[in-house]
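What follows is a set of notes on a single structure, which appears directly below.
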Amino acid sequence: MGCSRSFLFFILGWIVSGNLFGGLVGFAVGVWLDQRDSERLAGRRQEQTERTRSVFLLCMMSSFAKIAKVDGHISETEIQLIENMLDEWGLGPSDVSLAKDIFRKAKDDNVLFVSYVDKFATECAAYELRLIFLQCLVRLACAEGSVSAEQMKMLQQAESIFGLPSGTIHMMVSQFTGQRHTWGRYSRDSRKEYDTGSRYTSSTDATDDDYTAIGVSRSATDAEVKKAYRRKAMELHPDKIQAKGLPPEFIKISNDQLAMVNVAYDRICRTRGIK
C-alpha cells in the first residue's frame, strides 16, 4: 500500500509540474506520509500491547487470589506455584512486585471472582488469550493435586464467561491431573503419562475430551472434524501469541495447547479411520 501511494504521488507530481523533478518531489512526499502512518500504527500497537499486558496481570493475579483462597487458606504450594509462573513469564522486578501487590489486595477485597474474569473477557476478546488465562487458573487449582468443588465451580464460571465449549475445564483438569470426567475432587492419583509429541499412553480410543479439545461433538462428520481442527490449530499458533507482544511463557502455553489438540485429532482420526 505504501509503494502504491508513493507511486501515485510521483505520477501526480509529474503531471502537476510537467517534469521529472516534480514527480520525484511527489514521490518523496508519499514516502514521508507512509513513514508517518507506519509510526502512528506502531504506536497504537504498542499501546494496545501494554494495555493487554496490564489487564492480564491485574485480572490474572486477582483471579489467582480468589481461586487460592476459596478453600479457606492459601497454601505454600500455591504460593510457590504462583511465584514459579511469575518467573516463567519473564516479568521484570517491578512487574513482579506489582503482581504480588495485586494478589495481596485481591485476596482481601470484596470483589467477586467473576468480576475479574468478566473484565478480562471484555478487554481481551481473542480466543487464544482467554484459553491461556483459563489454563493458568486450572494450573493453580491443580497445584496440590486436586480441585475442590468450589474451585471447579469458579473454573466453570470462567469457562462460561469466556464463551468456551462446555467441557473445556474438564479437558484441562485431565491434562494436569491425568483424570478424565469424575465426580467430586479431581486427583493426581493414577496420573497418565502425557507425551506432547505422541498421545496419552494409556488410551487409544477417542474420548469426549478429545472432541472438546478441537471444538466439536462426537456427532460431527469427518469433514467437520477436519475443519474444526484446522481452525483450532490456526487459533493456537504461537505466532498469534507472539504478535500480541505477550511474555514468552504464553507462547509455551500456546504450544502445549496446540500439542494437546494435535494429540486429540490424531486419536480421533485413528478411531474413525480418517486419512
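The values are calculated or read from the model by the stated rules, or taken from the named source; none is laboratory data. Predicted model, so just to flag it, every value in this text is computed and none were measured. Note that each Cβ is placed from the backbone with ideal geometry, even for glycine, and that neighbours are counted across all protein chains shown. What goes into the accessible areas is simple: the full protein's heavy atoms, side chains included, and nothing from ligands, DNA or RNA. Shrake-Rupley method; radii C 1.70, N 1.55, O 1.52, S 1.80 Å.
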Which entries in the list 153/227; 226/275; 66/153 go over 21 Å, if you measure between the two C-alpha atoms of each? 153/227
Per residue of the stretch 143-159, what does 6.51 cos²θ - 1.76 cosθ + 1.60 with θ = phi - 60° give for ³J(HN,Hα)? Whole Hz please, x for Gly and Pro, Karplus curve as stated. 3, 9, x, 8, 10, 6, 4, 5, 5, 4, 4, 5, 5, 5, 5, 5, 4
Between residue 150 and residue 55, what is 0.36 nm times their sequence separation minus the Cα-Cα distance? Round to one decimal in nm. 31.7 nm
Determine the gain in length on full extension of the stretch residue 237-residue 33; use 0.36 nm per residue of separation and subtract their C-alpha separation, reporting nm with one decimal. 70.1 nm
With every protein chain in place, what's the accessible area of residue 268 (1.4 Å probe, Å², nearest 10)? 0 Å²
So how much slack lies between residue 96 and residue 224, counting 0.36 nm per residue of separation and subtracting their Cα-Cα distance, in nm? 41.7 nm
Estimated distance in nm for a label pair at residue 157 and residue 217, the labels positioned 7 Å out from Cα along Cα-to-Cβ: 2.8 nm
